[in-house]
Amino acid sequence: MSVTLQLNNLHKRFGGLVAVKDVSFTLSPGEVVGLLGPNGSGKTTVMNMISGALPCDGGRVTVGAKDITRMKPHRVAKHGVARTFQLVRPLPTLTVGENVMLSLAFGHKRYWGRQARDLAEEKLAFVGLEGRGDEEVSNLNYIDQKRMEMARALASEPEILLLDEWLAGLNPSELKIGIDLVRHLQGQGMTVLLVEHIMEAVRALCSRCIVMRTGEVIADGPSEEVLSQPAVIKAYLGD
Ligand code: ADP
């Protein structure tokens, strides 16, 4: 795992509203970075522009030497960037394993048939759903849905993972499981951009935090320094 994710002056407008304004930052390989900020500060819009779900109005996103700025989500996935969604959105008529296999068809390499089944099983085992590929998605409880969502993201064999409030809604013991899973990925060298409101998770996982407020980056640095800055505290409390 060795690619850098770089955002240069990313810009997004919705009508008259500037949702993201000249956002620039770089994630080095293996970094786990928190992207924080109050509701409406532009975090999800940034994630959507990186993953190709939303076109940007200006700026550039590069992965290694490759410009992925205008790419559609399936092509972004092929360049090693995957994401989870805030709301788990499984295809309910497919089994757990089929949901994961569907993502396999969009990764760096395409897998079909037996190979796809084996790889899906490997990803399910990694997230703690070993042997549960044939279950109906509707059987899964909340943490298991989150696990499946993670397995789907990992199926494209990403080097960079965008987690959009993936830990939200978990109870304390589930949260610990979720944090451990991200730690495990971190141990494997995964680069992670974590949009998260749960500060316990941010402190446990992120050595660096980037804070946004009304579309702009207002702080970027080591977590302890950033999270104690008066401007950051004020942004969270509102002014
Ligand atoms: P965050 O993820 O930090 O809560 P968002 O990126 O969701 O913030 O939103 C940033 C701003 O852009 C907000 O003011 C929001 O209302 C606005 N916004 C987001 N998506 C759209 C959209 N599709 N159309 C219009 N406005 C949007």
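A few remarks follow.
- Residues of segment 45-85 satisfying the condition of being in contact with a Phe, Trp or Tyr (Cβ under 8 Å, 6 or more places away or on another chain) and closer than 18 Å to A168 by Cα: T84
- Residues of segment 150-203 that turn out to be in contact with a Ser or Thr (Cβ under 9 Å, 6 or more places away or on another chain) and within 16 Å of the ligand (Cβ to nearest atom), as a count: 7
Matching residues to (1) crowded, with 17+ Cβ neighbours inside 10 Å; (2) without any contact (Cβ under 8 Å) to a residue 40 or more places away in the chain; (3) part of a strand (DSSP E or B):
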position	(1), (2), (3)
A120	yes, yes, no
S173	no, yes, no
K176	no, yes, no
Q186	yes, no, no
C209	yes, no, yes
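- Note on segment 41-61: among residues that are in contact (Cβ under 8 Å) with a residue 24 or more places away in the chain and over 16 Å from the mean Cα position of the chain (by Cα), the one that is nearest to the ligand (Cβ to nearest atom) is S41.
- In the set (1) surrounded by 16 or more Cβ atoms within 10 Å (Cβ to Cβ); (2) assigned to a loop (DSSP other than H, G, I, E, B); (3) in contact (Cβ under 8 Å) with a residue 40 or more places away in the chain, M150 fails one condition alone, (2).
- The condition of being closer than 26 Å to I179 by Cβ and at pLDDT 90 or above holds for only one of A65, A125, that being A125.
- Qualifying residue in segment 62-73 (condition: under 17 Å from the mean Cα position of the chain (by Cα), within 16 Å of the ligand (Cβ to nearest atom), part of a strand (DSSP E or B) and surrounded by fewer than 18 Cβ atoms within 10 Å (Cβ to Cβ)): no
The values are calculated or read from the model by the stated rules, or taken from the named source; none is laboratory data. Only a predicted model underlies this, so the values are computations on that prediction, with no experimental measurement involved. No Cβ is skipped: glycine too gets one built from the backbone with ideal geometry, and neighbour counts run over all protein chains shown.
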